[in-house]
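The values are calculated or read from the model by the stated rules, or taken from the named source; none is laboratory data. Just so we're clear, the structure is a prediction, and the values are computed from it rather than from any experiment. With ideal geometry, Cβ positions are generated from the backbone for all residues, glycine too; neighbour counts draw on all protein chains shown. The area values use the complete protein model at the heavy-atom level, side chains included, leaving out ligands, DNA and RNA. Shrake-Rupley method; radii C 1.70, N 1.55, O 1.52, S 1.80 Å.
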Amino acid sequence: MSLSIADALTQENDTEVTLNGWVQDFRVLKTVSFIVLRDHTGVLQVTVKKDKEVLQKAISSLQRETVVSVRGKLNKEALTKNGIEVIADSLTVLNKSATPLPLGVIDKVNADIETRLNNRFIDLRKEENNLIFRSESEVLWGIRKYLHEQKFIEVHTPKIVAAATEGGADLFPVQYFEKNAYLNQSPQLYKEILISAGFNRVFEVGPAFRAEKHNTPRHLNEFTSIDIEMGFSDHTDAMRMLQESIKSGIRQLKSTLGDSLSSHGINLPEPPDEFPKITYNECIELLSNRNEVVNFGSDFTPENLKIIGSEFPSFYFITEWPSELRAFYTMPKPGQESLSNSFDLQFKEFEITSGAQRVHDPDMLELRFRKKGLNPEDFSFYSNAFRYGMPPHAGWGLGLERLTMIMLNMHNIREVTLFPRDRTRISP
Ligand code: AMO
(Lines give C-alpha, C1' and ligand atoms only; values in the text may rest on other atoms or scores of the structure.)
Protein backbone atom coordinates (compact mmCIF):
# COMPACT_ATOMS: atom_id res chain seq x y z
CA MET A 1 0.00 0.00 0.00
CA SER A 2 1.24 3.49 -0.71
CA LEU A 3 1.99 5.91 2.10
CA SER A 4 1.69 9.65 2.26
CA ILE A 5 5.01 11.50 2.47
CA ALA A 6 4.25 12.60 6.04
CA ASP A 7 3.60 8.98 7.07
CA ALA A 8 6.68 7.74 5.24
CA LEU A 9 8.86 10.15 7.25
CA THR A 10 7.83 8.41 10.46
CA GLN A 11 9.01 4.95 9.23
CA GLU A 12 12.33 3.36 10.22
CA ASN A 13 15.51 3.68 8.18
CA ASP A 14 15.64 1.22 5.28
CA THR A 15 11.86 0.64 5.18
CA GLU A 16 10.50 -0.12 1.73
CA VAL A 17 7.86 2.49 0.79
CA THR A 18 5.62 3.33 -2.17
CA LEU A 19 4.86 7.02 -2.61
CA ASN A 20 2.50 8.69 -5.09
CA GLY A 21 2.60 12.34 -6.06
CA TRP A 22 3.68 15.08 -8.43
CA VAL A 23 7.19 15.73 -9.73
CA GLN A 24 7.65 19.20 -8.34
CA ASP A 25 11.19 19.49 -9.68
CA PHE A 26 13.98 17.25 -10.91
CA ARG A 27 17.66 17.35 -11.74
CA VAL A 28 19.48 14.89 -13.99
CA LEU A 29 23.21 14.63 -13.24
CA LYS A 30 25.87 12.31 -14.60
CA THR A 31 25.91 9.70 -11.88
CA VAL A 32 22.64 10.35 -10.12
CA SER A 33 19.26 12.08 -10.58
CA PHE A 34 17.00 13.76 -8.06
CA ILE A 35 13.23 14.27 -7.99
CA VAL A 36 11.41 16.51 -5.55
CA LEU A 37 8.21 14.52 -5.03
CA ARG A 38 5.17 16.34 -3.62
CA ASP A 39 1.89 15.03 -2.26
CA HIS A 40 -0.86 16.55 -0.11
CA THR A 41 1.31 16.24 3.00
CA GLY A 42 4.65 17.66 1.86
CA VAL A 43 7.73 17.09 -0.28
CA LEU A 44 10.52 14.51 -0.23
CA GLN A 45 13.67 13.95 -2.27
CA VAL A 46 13.76 10.82 -4.40
CA THR A 47 17.27 9.81 -5.45
CA VAL A 48 17.84 7.68 -8.54
CA LYS A 49 21.31 6.12 -8.84
CA LYS A 50 23.07 5.78 -12.18
CA ASP A 51 23.19 1.97 -12.02
CA LYS A 52 19.39 1.83 -12.39
CA GLU A 53 19.30 2.35 -16.12
CA VAL A 54 15.57 1.83 -16.64
CA LEU A 55 14.93 4.42 -14.01
CA GLN A 56 17.31 6.91 -15.58
CA LYS A 57 15.38 6.52 -18.81
CA ALA A 58 12.06 7.25 -17.09
CA ILE A 59 13.59 10.26 -15.42
CA SER A 60 14.92 11.70 -18.64
CA SER A 61 11.36 11.88 -20.04
CA LEU A 62 9.89 13.57 -16.96
CA GLN A 63 8.17 16.95 -16.86
CA ARG A 64 7.44 19.11 -13.85
CA GLU A 65 4.01 18.23 -12.38
CA THR A 66 3.89 14.77 -13.95
CA VAL A 67 2.12 12.31 -11.62
CA VAL A 68 4.27 9.37 -10.59
CA SER A 69 4.47 6.41 -8.28
CA VAL A 70 7.85 5.68 -6.69
CA ARG A 71 8.94 2.55 -4.84
CA GLY A 72 12.15 2.53 -2.90
CA LYS A 73 13.98 2.42 0.43
CA LEU A 74 13.93 5.16 3.02
CA ASN A 75 17.38 6.59 3.84
CA LYS A 76 17.30 8.59 7.03
CA GLU A 77 20.97 9.58 6.87
CA ALA A 78 20.73 11.57 3.65
CA LEU A 79 22.46 14.83 2.84
CA THR A 80 19.13 16.58 2.29
CA LYS A 81 17.66 19.44 4.34
CA ASN A 82 15.54 17.13 6.49
CA GLY A 83 18.11 14.31 6.37
CA ILE A 84 15.73 11.96 4.57
CA GLU A 85 15.43 10.64 1.01
CA VAL A 86 13.99 7.68 -0.83
CA ILE A 87 16.44 5.66 -2.92
CA ALA A 88 14.27 4.62 -5.86
CA ASP A 89 13.96 1.04 -7.11
CA SER A 90 11.13 1.80 -9.53
CA LEU A 91 9.40 4.81 -10.98
CA THR A 92 6.06 4.62 -12.79
CA VAL A 93 4.60 7.58 -14.67
CA LEU A 94 0.87 7.58 -13.87
CA ASN A 95 0.04 10.63 -15.96
CA LYS A 96 2.34 12.95 -17.82
CA SER A 97 2.01 16.72 -17.47
CA ALA A 98 1.97 18.90 -20.57
CA THR A 99 4.59 21.56 -21.02
CA PRO A 100 5.03 24.47 -20.58
CA LEU A 101 2.99 24.84 -17.38
CA PRO A 102 0.45 27.69 -17.48
CA LEU A 103 1.64 28.66 -14.02
CA GLY A 104 4.70 27.66 -12.00
CA VAL A 105 4.24 25.80 -8.73
CA ILE A 106 7.66 26.66 -7.30
CA ASP A 107 8.20 30.07 -8.88
CA LYS A 108 9.12 32.64 -6.28
CA VAL A 109 7.29 35.44 -8.10
CA ASN A 110 3.50 35.15 -7.94
CA ALA A 111 1.51 35.54 -11.17
CA ASP A 112 -1.28 38.13 -11.24
CA ILE A 113 -4.57 37.09 -9.66
CA GLU A 114 -6.43 36.72 -12.98
CA THR A 115 -3.86 34.24 -14.37
CA ARG A 116 -3.92 32.42 -11.06
CA LEU A 117 -7.72 32.13 -10.99
CA ASN A 118 -7.84 31.05 -14.63
CA ASN A 119 -5.48 28.20 -13.72
CA ARG A 120 -6.78 27.58 -10.23
CA PHE A 121 -6.16 23.80 -10.35
CA ILE A 122 -2.45 24.47 -10.52
CA ASP A 123 -2.40 27.66 -8.40
CA LEU A 124 -3.80 25.60 -5.51
CA ARG A 125 -0.86 23.18 -5.73
CA LYS A 126 1.26 25.89 -4.13
CA GLU A 127 1.59 25.12 -0.45
CA GLU A 128 0.66 28.60 0.74
CA ASN A 129 -2.54 28.64 -1.36
CA ASN A 130 -3.49 25.12 -0.38
CA LEU A 131 -3.03 26.09 3.26
CA ILE A 132 -5.75 28.77 2.96
CA PHE A 133 -8.43 26.19 2.24
CA ARG A 134 -7.20 23.69 4.79
CA SER A 135 -7.38 26.58 7.28
CA GLU A 136 -10.92 27.44 6.23
CA SER A 137 -11.94 23.82 6.71
CA GLU A 138 -10.47 23.78 10.26
CA VAL A 139 -12.16 27.05 11.24
CA LEU A 140 -15.50 25.81 9.97
CA TRP A 141 -15.03 22.51 11.78
CA GLY A 142 -14.36 24.41 15.03
CA ILE A 143 -17.56 26.41 14.55
CA ARG A 144 -19.62 23.36 13.60
CA LYS A 145 -18.31 21.45 16.62
CA TYR A 146 -19.27 24.28 18.97
CA LEU A 147 -22.76 24.64 17.49
CA HIS A 148 -23.32 20.89 17.77
CA GLU A 149 -22.27 21.00 21.41
CA GLN A 150 -24.83 23.77 21.91
CA LYS A 151 -27.54 21.46 20.49
CA PHE A 152 -27.93 23.14 17.11
CA ILE A 153 -28.95 20.87 14.25
CA GLU A 154 -27.54 21.40 10.78
CA VAL A 155 -30.22 22.03 8.14
CA HIS A 156 -30.39 22.61 4.40
CA THR A 157 -32.90 25.08 3.00
CA PRO A 158 -33.80 25.79 -0.65
CA LYS A 159 -31.61 27.99 -2.78
CA ILE A 160 -34.24 28.49 -5.47
CA VAL A 161 -36.85 30.73 -3.90
CA ALA A 162 -39.91 32.82 -4.71
CA ALA A 163 -39.16 36.03 -2.76
CA ALA A 164 -36.31 38.37 -1.84
CA THR A 165 -34.88 37.95 1.65
CA GLU A 166 -32.52 40.85 2.06
CA GLY A 167 -34.29 43.53 -0.01
CA GLY A 168 -35.73 43.67 -3.50
CA ALA A 169 -32.61 44.57 -5.47
CA ASP A 170 -29.54 42.39 -5.90
CA LEU A 171 -31.47 39.27 -6.96
CA PHE A 172 -30.46 36.76 -9.60
CA PRO A 173 -33.61 35.69 -11.48
CA VAL A 174 -34.11 32.05 -12.40
CA GLN A 175 -36.62 30.76 -14.92
CA TYR A 176 -38.40 28.05 -12.93
CA PHE A 177 -40.63 26.32 -15.49
CA GLU A 178 -43.65 28.66 -15.86
CA LYS A 179 -42.78 30.73 -12.79
CA ASN A 180 -40.25 33.42 -11.95
CA ALA A 181 -37.88 32.46 -9.18
CA TYR A 182 -34.62 33.73 -7.67
CA LEU A 183 -31.39 32.43 -6.21
CA ASN A 184 -31.60 32.88 -2.46
CA GLN A 185 -29.76 35.85 -0.92
CA SER A 186 -29.66 34.12 2.48
CA PRO A 187 -31.53 31.35 4.33
CA GLN A 188 -33.10 34.00 6.57
CA LEU A 189 -36.80 33.30 6.07
CA TYR A 190 -36.44 29.53 6.11
CA LYS A 191 -34.29 29.41 9.23
CA GLU A 192 -36.94 31.52 11.01
CA ILE A 193 -39.75 29.22 9.82
CA LEU A 194 -37.81 26.30 11.33
CA ILE A 195 -38.00 27.99 14.75
CA SER A 196 -41.80 28.03 14.44
CA ALA A 197 -41.50 24.37 13.37
CA GLY A 198 -40.08 23.62 16.81
CA PHE A 199 -36.42 22.85 16.11
CA ASN A 200 -35.32 25.50 18.64
CA ARG A 201 -31.73 25.80 17.36
CA VAL A 202 -30.70 25.41 13.69
CA PHE A 203 -27.65 26.23 11.63
CA GLU A 204 -26.82 26.05 7.95
CA VAL A 205 -23.62 26.35 5.94
CA GLY A 206 -24.51 27.07 2.35
CA PRO A 207 -24.23 29.34 -0.67
CA ALA A 208 -25.83 32.79 -0.75
CA PHE A 209 -26.25 34.76 -3.96
CA ARG A 210 -26.16 38.54 -4.30
CA ALA A 211 -26.43 40.29 -7.66
CA GLU A 212 -24.43 43.26 -6.35
CA LYS A 213 -22.85 45.07 -9.25
CA HIS A 214 -19.84 46.49 -7.43
CA ASN A 215 -16.46 44.85 -7.76
CA THR A 216 -14.54 45.17 -4.49
CA PRO A 217 -11.92 43.13 -2.60
CA ARG A 218 -14.64 42.26 -0.01
CA HIS A 219 -17.61 41.23 -2.17
CA LEU A 220 -18.51 38.06 -4.04
CA ASN A 221 -21.69 37.36 -5.98
CA GLU A 222 -21.80 33.88 -4.51
CA PHE A 223 -20.45 33.40 -1.00
CA THR A 224 -20.72 30.82 1.77
CA SER A 225 -22.88 31.85 4.66
CA ILE A 226 -22.84 30.26 8.11
CA ASP A 227 -26.30 31.00 9.50
CA ILE A 228 -27.82 30.28 12.87
CA GLU A 229 -31.27 30.85 14.35
CA MET A 230 -32.21 30.20 17.98
CA GLY A 231 -35.64 30.13 19.65
CA PHE A 232 -36.61 31.76 22.94
CA SER A 233 -33.56 33.99 22.55
CA ASP A 234 -32.68 37.60 21.90
CA HIS A 235 -29.80 39.47 20.22
CA THR A 236 -27.58 39.25 23.32
CA ASP A 237 -27.89 35.43 23.30
CA ALA A 238 -27.05 35.41 19.59
CA MET A 239 -23.99 37.64 20.16
CA ARG A 240 -22.69 35.31 22.84
CA MET A 241 -23.17 32.30 20.56
CA LEU A 242 -21.26 34.11 17.81
CA GLN A 243 -18.41 35.10 20.09
CA GLU A 244 -17.97 31.53 21.34
CA SER A 245 -18.30 30.05 17.82
CA ILE A 246 -15.54 32.32 16.52
CA LYS A 247 -13.31 31.47 19.49
CA SER A 248 -13.88 27.76 18.89
CA GLY A 249 -13.04 28.14 15.17
CA ILE A 250 -9.77 29.93 15.96
CA ARG A 251 -8.85 27.39 18.66
CA GLN A 252 -9.38 24.54 16.19
CA LEU A 253 -7.28 26.24 13.51
CA LYS A 254 -4.49 27.17 15.90
CA SER A 255 -4.20 23.67 17.31
CA THR A 256 -4.03 22.00 13.89
CA LEU A 257 -2.36 24.42 11.48
CA GLY A 258 -1.05 27.21 13.73
CA ASP A 259 2.59 26.17 13.22
CA SER A 260 2.30 25.85 9.42
CA LEU A 261 0.65 29.26 9.27
CA SER A 262 3.32 30.93 11.36
CA SER A 263 6.03 29.39 9.18
CA HIS A 264 4.35 31.32 6.35
CA GLY A 265 4.37 34.52 8.46
CA ILE A 266 0.66 34.33 9.35
CA ASN A 267 -0.14 34.90 12.99
CA LEU A 268 -3.73 34.21 13.94
CA PRO A 269 -5.73 36.83 15.85
CA GLU A 270 -6.02 36.39 19.60
CA PRO A 271 -9.72 37.00 20.23
CA PRO A 272 -10.52 38.75 23.52
CA ASP A 273 -12.51 36.69 26.04
CA GLU A 274 -15.38 39.16 25.78
CA PHE A 275 -15.74 41.01 22.48
CA PRO A 276 -16.19 44.74 23.15
CA LYS A 277 -19.46 46.41 22.11
CA ILE A 278 -20.06 49.90 20.78
CA THR A 279 -23.46 51.24 19.74
CA TYR A 280 -24.17 52.83 16.36
CA ASN A 281 -24.76 56.19 18.08
CA GLU A 282 -21.47 55.92 19.97
CA CYS A 283 -19.75 55.30 16.64
CA ILE A 284 -21.28 58.53 15.28
CA GLU A 285 -19.94 60.36 18.33
CA LEU A 286 -16.49 58.79 17.93
CA LEU A 287 -16.45 59.87 14.28
CA SER A 288 -17.58 63.39 15.06
CA ASN A 289 -14.67 63.70 17.51
CA ARG A 290 -12.49 62.94 14.47
CA ASN A 291 -14.31 65.61 12.40
CA GLU A 292 -16.27 63.03 10.39
CA VAL A 293 -19.97 63.90 10.16
CA VAL A 294 -22.36 60.96 9.83
CA ASN A 295 -26.09 61.61 10.02
CA PHE A 296 -28.31 59.20 11.94
CA GLY A 297 -29.69 56.65 9.46
CA SER A 298 -26.66 56.64 7.17
CA ASP A 299 -24.52 53.55 6.79
CA PHE A 300 -20.83 53.84 7.64
CA THR A 301 -18.48 54.23 4.70
CA PRO A 302 -15.30 52.14 4.45
CA GLU A 303 -13.39 55.27 5.58
CA ASN A 304 -15.67 55.63 8.64
CA LEU A 305 -15.12 51.96 9.48
CA LYS A 306 -11.36 52.42 9.24
CA ILE A 307 -11.54 55.12 11.90
CA ILE A 308 -13.85 53.09 14.16
CA GLY A 309 -11.73 49.98 13.59
CA SER A 310 -8.57 51.81 14.63
CA GLU A 311 -10.03 51.92 18.17
CA PHE A 312 -10.36 48.13 18.32
CA PRO A 313 -7.41 45.79 17.75
CA SER A 314 -9.53 42.67 17.14
CA PHE A 315 -13.19 41.55 17.11
CA TYR A 316 -15.93 43.92 18.36
CA PHE A 317 -19.67 44.39 17.97
CA ILE A 318 -21.45 47.47 16.62
CA THR A 319 -24.95 47.29 18.14
CA GLU A 320 -28.30 49.11 18.01
CA TRP A 321 -28.36 49.98 14.32
CA PRO A 322 -31.12 52.33 13.08
CA SER A 323 -34.24 50.31 12.17
CA GLU A 324 -34.35 51.98 8.77
CA LEU A 325 -30.95 50.46 7.91
CA ARG A 326 -31.96 46.89 8.76
CA ALA A 327 -34.17 44.38 6.97
CA PHE A 328 -37.91 44.04 7.74
CA TYR A 329 -37.42 41.03 10.04
CA THR A 330 -35.27 42.99 12.54
CA MET A 331 -36.78 43.65 15.98
CA PRO A 332 -37.00 47.36 16.84
CA LYS A 333 -35.54 48.30 20.23
CA PRO A 334 -38.47 48.34 22.68
CA GLY A 335 -39.30 51.94 23.67
CA GLN A 336 -36.91 53.39 21.09
CA GLU A 337 -38.23 52.14 17.78
CA SER A 338 -35.87 54.13 15.58
CA LEU A 339 -33.13 51.77 16.83
CA SER A 340 -33.09 47.98 16.58
CA ASN A 341 -31.94 44.94 18.56
CA SER A 342 -29.31 44.27 15.92
CA PHE A 343 -25.54 43.95 15.65
CA ASP A 344 -22.65 43.55 13.27
CA LEU A 345 -19.48 41.74 14.23
CA GLN A 346 -16.44 43.62 13.02
CA PHE A 347 -12.78 42.73 12.82
CA LYS A 348 -10.90 46.03 12.67
CA GLU A 349 -12.55 47.78 9.69
CA PHE A 350 -14.25 44.69 8.24
CA GLU A 351 -17.82 43.51 8.77
CA ILE A 352 -17.92 39.75 9.05
CA THR A 353 -21.37 39.06 10.54
CA SER A 354 -24.83 40.63 10.79
CA GLY A 355 -27.42 39.50 13.27
CA ALA A 356 -30.41 40.51 15.32
CA GLN A 357 -33.36 39.60 17.39
CA ARG A 358 -36.27 39.13 14.97
CA VAL A 359 -39.82 40.40 14.95
CA HIS A 360 -41.99 37.49 16.16
CA ASP A 361 -45.39 39.24 16.44
CA PRO A 362 -47.31 38.71 13.16
CA ASP A 363 -49.03 42.14 13.35
CA MET A 364 -45.75 43.91 13.88
CA LEU A 365 -44.27 41.93 11.00
CA GLU A 366 -47.09 43.07 8.69
CA LEU A 367 -46.40 46.71 9.66
CA ARG A 368 -42.68 46.21 9.00
CA PHE A 369 -43.41 44.86 5.50
CA ARG A 370 -45.52 47.91 4.68
CA LYS A 371 -42.97 50.32 6.15
CA LYS A 372 -40.29 48.81 3.88
CA GLY A 373 -42.62 49.11 0.85
CA LEU A 374 -43.01 45.32 0.55
CA ASN A 375 -46.22 43.49 -0.27
CA PRO A 376 -47.05 41.19 2.69
CA GLU A 377 -48.82 38.78 0.29
CA ASP A 378 -45.48 37.99 -1.35
CA PHE A 379 -44.26 36.67 2.00
CA SER A 380 -47.31 34.69 3.13
CA PHE A 381 -45.30 31.41 3.02
CA TYR A 382 -43.15 33.00 5.72
CA SER A 383 -45.59 35.05 7.79
CA ASN A 384 -48.04 32.12 8.09
CA ALA A 385 -45.47 30.51 10.36
CA PHE A 386 -45.85 33.50 12.71
CA ARG A 387 -49.63 33.19 13.19
CA TYR A 388 -49.74 29.86 14.96
CA GLY A 389 -47.16 30.15 17.71
CA MET A 390 -43.78 31.65 16.79
CA PRO A 391 -41.31 31.88 19.70
CA PRO A 392 -39.18 35.01 20.16
CA HIS A 393 -35.96 34.28 18.25
CA ALA A 394 -32.63 35.66 17.12
CA GLY A 395 -29.69 34.68 14.92
CA TRP A 396 -26.89 35.72 12.64
CA GLY A 397 -25.23 35.21 9.27
CA LEU A 398 -21.44 34.95 9.08
CA GLY A 399 -19.59 35.16 5.76
CA LEU A 400 -17.09 32.26 5.73
CA GLU A 401 -14.81 33.90 3.14
CA ARG A 402 -14.75 37.18 5.06
CA LEU A 403 -13.86 35.30 8.25
CA THR A 404 -11.05 33.36 6.53
CA MET A 405 -9.81 36.54 4.90
CA ILE A 406 -9.43 38.52 8.12
CA MET A 407 -8.01 35.58 10.01
CA LEU A 408 -5.25 34.94 7.49
CA ASN A 409 -4.69 38.65 6.94
CA MET A 410 -5.50 38.46 3.21
CA HIS A 411 -6.53 41.54 1.30
CA ASN A 412 -8.68 40.14 -1.48
CA ILE A 413 -11.67 37.84 -0.91
CA ARG A 414 -10.85 36.03 -4.18
CA GLU A 415 -7.69 34.65 -2.50
CA VAL A 416 -9.84 32.74 -0.03
CA THR A 417 -12.47 31.54 -2.52
CA LEU A 418 -11.75 28.39 -4.52
CA PHE A 419 -13.61 29.49 -7.65
CA PRO A 420 -14.79 33.08 -7.11
CA ARG A 421 -17.92 34.46 -8.72
CA ASP A 422 -17.57 38.18 -9.15
CA ARG A 423 -18.92 40.86 -11.49
CA THR A 424 -16.94 39.49 -14.42
CA ARG A 425 -16.03 35.93 -13.53
CA ILE A 426 -18.18 32.80 -13.82
CA SER A 427 -15.47 30.39 -14.96
CA PRO A 428 -13.73 28.22 -13.93
P1 AMO B 1 -25.94 40.28 5.61
O2 AMO B 1 -26.58 40.63 4.32
O3 AMO B 1 -25.30 41.39 6.37
O4 AMO B 1 -27.00 39.63 6.61
O5 AMO B 1 -24.88 39.14 5.37
C6 AMO B 1 -24.26 38.47 6.45
C7 AMO B 1 -22.78 38.30 6.23
O8 AMO B 1 -22.54 37.65 4.99
C9 AMO B 1 -21.36 38.15 4.39
N10 AMO B 1 -21.67 38.76 3.08
C11 AMO B 1 -20.87 38.69 2.00
N12 AMO B 1 -19.68 38.10 1.81
C13 AMO B 1 -19.10 38.21 0.59
N14 AMO B 1 -19.67 38.86 -0.45
C15 AMO B 1 -20.89 39.47 -0.31
N16 AMO B 1 -21.44 40.09 -1.37
C17 AMO B 1 -21.53 39.40 0.96
N18 AMO B 1 -22.71 39.86 1.45
C19 AMO B 1 -22.76 39.46 2.73
C20 AMO B 1 -20.78 39.18 5.33
C21 AMO B 1 -22.00 39.62 6.11
O22 AMO B 1 -21.66 40.12 7.38
N23 AMO B 1 -29.85 37.42 6.95
C24 AMO B 1 -28.80 38.27 7.45
C25 AMO B 1 -28.05 37.61 8.59
C26 AMO B 1 -28.90 37.45 9.84
O27 AMO B 1 -29.40 38.46 10.35
O28 AMO B 1 -29.01 36.29 10.32
C29 AMO B 1 -27.84 38.60 6.30
O30 AMO B 1 -27.79 37.95 5.29
O31 AMO B 1 -19.83 38.52 6.15
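Scoring MET1 on the criteria (1) open to solvent by less than 50 Å² (accessible area, probe 1.4 Å); (2) not in a helix (DSSP H, G or I) leaves a single failure, condition (1).
Every condition in (1) more than 26 Å from GLN150 (Cβ to Cβ); (2) crowded, with 18+ Cβ neighbours inside 10 Å; (3) not acidic (Asp, Glu) is met by SER288 except one, and the failing one is (2). Once the range 369-384 is narrowed to residues that are within 16 Å of the ligand (Cβ to nearest atom) and open to solvent by 20 Å² or more (accessible area, probe 1.4 Å), the residue that is farthest from MET241 (Cα to Cα) is LEU374. The number of residues in the range 209-240 being more than 8 Å from the ligand (Cβ to nearest atom) and not small (Gly, Ala, Ser) comes to 17.
Of all residues being open to solvent by 50 Å² or more (accessible area, probe 1.4 Å) and more than 30 Å from GLU270 (Cβ to Cβ) in the range 308-332, which is farthest from the ligand (Cβ to nearest atom)? Just the residue, please. Selected residue: GLU324.
For the range 308-323, residues that are of a type in the set (Val, Ile, Thr), free of Cβ contacts under 8 Å to residues at least 60 places away in the same chain and part of a strand (DSSP E or B) total 1.
Within the range 402-422, can one find any residue that is open to solvent by less than 20 Å² (accessible area, probe 1.4 Å), in a strand (DSSP E or B) and either basic (Lys, Arg) or closer than 20 Å to THR216 by Cα (or both)? Checking the range 402-422: not a single residue is open to solvent by less than 20 Å² (accessible area, probe 1.4 Å), in a strand (DSSP E or B) and either basic (Lys, Arg) or closer than 20 Å to THR216 by Cα (or both). Among the candidates LEU261, LEU268, LEU305, LEU287, the residue that is more than 30 Å from SER233 (Cβ to Cβ) and touching a residue at least 40 places away in the same chain (Cβ under 8 Å) is uniquely LEU261. LYS254 meets each of the listed conditions (1) within 17 Å of PHE315 (Cβ to Cβ); (2) in contact (Cβ under 8 Å) with a residue 24 or more places away in the chain apart from (2). The test for being surrounded by fewer than 16 Cβ atoms within 10 Å (Cβ to Cβ) and either at pLDDT 95 or above or touching a strand residue (DSSP E or B) at 6+ places or on another chain (Cβ under 7 Å) (or both) does not hold for LYS81.
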